[in-house]
Amino acid sequence: MDLKQLEHFIAVAELRNFTRAAERLHIVQSGLSASIRALEAELGAPLFIRTTRRVDPTPTGQAFLTEARRVLAAAADARLVVDQMQGLQRGTLSIGLIQGVTPLVDVAEILGRFRARCPKVEIRVVSGGSLPLIEGVRSGALDLAFTQFAGALPRGVAGWMLACEPLVAVCAPDHALAGRRGVTLAALVEEVFVDLHPDWGTRQLVDHAFAAQHLSRRSSFEVDDLATQLDLVAHGLGIALVPEGVIAHRLEDRGAERLGIAALADPEICWELTAVFAEDETGRPASAATRLFLGLLRSAAPVLEEIAGGA
């Protein structure tokens, strides 16, 4: 008995017709009939009652059908395990990053652990804005992305929220805002803003916060990286709203004298760092490499919330 014979038997049992079963299996009818006869001979029992009009399973055949389906399902699971293991022996893990992730999650350290476990898997890392990275995961161009999350994720994409940082206002150290607390958004509308590109989740978060209070502001600078944004702010060209954890790390590296900070009034504007990844039809991360990486991530960083994909 082999798996092909079980597939042949199940097709005949489901369709109750040798001709249609042969068409489904893409084999000639004589070959299918011979396969069923050989299976019955090996089992020592008839599996079908054959008439001129239809083919019906015998009571023995009906009982055997349940077990045949179970065996084929187990074989499929076994193949999947092998495929997954092979996926960890070769292939690619593609990860997208927004800027500012390192102070909150040590992605490089996790990638180092992944490389030690799967030295033959090629690792690709790209950076970009939030919307392109999420689209990259949705389209399959990326396996996973660390991105600022806002709104709803696309269908087939899920996420783990890893951090929720309040936004603070940063300015030149001699700016009137430096050191203040409880600053409202209304108090900032006359300021010149140094913003990230609209593709960035942080920019979308700031725009939404002002729009929710029916406030407009002046955005005179649009840049695509955090370092340039903060350098422009440090030289007095404008202010910016950035995640508190990210700016704290920046100040440790570059010195507090270059930037001033103002705490915003409640309710805080929460910047959410999320690891987003594609799901398969069962709701699991789509690839074995992604599953392993997420396991390493979970051991390194707490997951604040699991986010399901949209409809």
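The values are calculated or read from the model by the stated rules, or taken from the named source; none is laboratory data. Predicted model, so just to flag it, every value in this text is computed and none were measured. Positions of Cβ are generated from backbone atoms using ideal geometry, with glycine treated the same way; all protein chains shown enter the neighbour counts. Just so you know, the surface numbers come from the protein's heavy atoms only, side chains and all, with ligands and any DNA or RNA stripped out. Shrake-Rupley method; radii C 1.70, N 1.55, O 1.52, S 1.80 Å.
With contacts taken as Cα pairs under 8 Å and at least 6 residues apart, segment 173-290 reaches a relative contact order of 37 percent.
Peptide packing: for 261-272, 39-50, the average count of neighbouring Cβ atoms within 10 Å per residue gives the ranking 261-272, 39-50, highest mean first.
When shorter helices are ignored and each DSSP H run of at least 4 residues is given -39500 (n - 2.57), the per-residue value for the chain at 222 nm works out to -13500 deg cm²/dmol. Placing unit charges on each Cβ (+1 for Lys and Arg, -1 for Asp and Glu) gives the chain a dipole about its Cα centre, and among C118, A158, L188 the Cα reaching farthest toward its positive end belongs to C118. Rounded to the nearest 5, the antiparallel percentage of DSSP beta bridges internal to the chain is 65%. Send over a whole-number figure in Å² for the accessible area per residue of segment 134-233, probe 1.4 Å. Ligands and nucleic acids excluded, the figure is 44 Å² per residue. Each Cα pair under 8 Å and six or more residues apart adds its separation to the average, and for the chain the resulting relative contact order is 23 percent. For segment 1-143, the Cβ-based charge dipole about the Cα centre amounts to some 280 debye (Lys, Arg positive; Asp, Glu negative; other atoms uncharged). Legend: translational diffusion of segment 118-225 by Stokes-Einstein, Rh = Kirkwood radius over C-alpha pairs, 20 °C, 1.002 mPa s; D = 131 µm²/s. Which one is right for this structure if semi-axes √(5λ) of the Cα gyration tensor in Å is calculated from it: (i) 25, 23, 21; (ii) 38, 21, 16; (iii) 61, 20, 14? Recomputing semi-axes √(5λ) of the Cα gyration tensor in Å here picks out (iii). Between 0 and 90 degrees, the angle of helix 288-300 with respect to the longest Cα principal axis of the chain falls at about 40 degrees. Within the shell defined by Cβ-Cβ distances under 9 Å, the residues around A278 carry a net charge of -2, with Lys and Arg each +1 and Asp and Glu each -1.
Net charge in the neighbourhood of E268 (other residues with Cβ under 14 Å of its Cβ; Lys, Arg +1, Asp, Glu -1) is -3. An ellipsoid equivalent to segment 198-311, defined through the eigenvalues of its Cα gyration tensor, has semi-axes of 33, 19, 14 Å when rounded to whole angstrom and sorted largest first. Most tightly packed first, judged by the mean number of other beta-carbon atoms within 10 Å of their residues, the peptides 193-203, 283-293, 57-67 read 193-203, 283-293, 57-67. Counting only protein heavy atoms and a 1.4 Å probe, tell me what percentage of the chain's accessible area is made up of carbon and sulfur. Ligands and nucleic acids excluded, carbon and sulfur give 53 percent. At 4 °C and 1.567 mPa s, grab the translational diffusion coefficient of segment 35-192 from Stokes-Einstein with a Kirkwood Rh over Cα pairs, rounded to a whole number in µm² per second. For these conditions, the coefficient is 59 µm²/s.
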